[in-house]
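One structure is given below, encoded as structure tokens.
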Amino acid sequence: MEFNEYQEKANRTLYGNEQVLTNCALGLAGEAGQLIYLIKDYTFKGKDLDKEKMIHEMGDVLWYLSQISEWANIPFDEVAKNNIETLNKRYPDGYASNQ
């Protein structure tokens with residue numbers, strides 16, 4: 001699935017039209033926090049890494065990112081493309097631990 005296609009399909013589940021940016025920003029922070037807790041529990045509490053929960057939480061993060069992009073009238077493909085360009089400039093030879 002292309003990012004713009006995802007953005008379009010995800011947008012049908014956006015509720016409301018007031019305070020959308022604030023709602024999405026707060027939702028993004030909350031969902032990122034839930035993902036962080038899964039990783040923290042795995043790393044520091046010895047819990048099993050629940051990949052299904054991770055997929056769910058990462059999907060929620062992706063949804064909020066796509067809707068912030070939608071609100072700003074930025075194609076989601078552009079966000080992904082720009083990030084890859086930034087990574088290529090920052091790490092032209094890829095990332096190595098000795099850098």
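Things worth noting here:
- In the stretch 43-70, the qualifying residues are those that are more than 27 Å from Lys81 (Cβ to Cβ) and either touching a residue at least 60 places away in the same chain (Cβ under 8 Å) or in contact with a helix residue (DSSP H, G or I) (Cβ under 9 Å, 6 or more places away or on another chain) (or both), and the one that is surrounded by the fewest Cβ atoms within 10 Å (Cβ to Cβ) is Asp48.
- Some residue of the stretch 72-92 being modelled with pLDDT of 95 or more, aromatic (Phe, Trp, Tyr) and in contact with a Gly (Cβ under 6 Å, 6 or more places away or on another chain): no
- Failed condition for Leu21, given (1) without any contact (Cβ under 8 Å) to a residue 24 or more places away in the chain; (2) exposed (fewer than 14 other Cβ atoms within 10 Å of the Cβ); (3) hydrophobic (A, V, I, L, M, F, W, C): (1)
- Leu14 satisfies every condition listed in (1) outside any loop (DSSP other than H, G, I, E, B); (2) in contact with a helix residue (DSSP H, G or I) (Cβ under 7 Å, 6 or more places away or on another chain) except (1).
- Of all residues in the stretch 45-99, those that are within 22 Å of Phe3 (Cβ to Cβ), among the hydrophobic types (A, V, I, L, M, F, W, C) and outside any helix (DSSP H, G or I) total 2.
The values are calculated or read from the model by the stated rules, or taken from the named source; none is laboratory data. Nothing here was measured: the structure is a model prediction, and the numbers come from that model. Note that each Cβ is placed from the backbone with ideal geometry, even for glycine, and that neighbours are counted across all protein chains shown.
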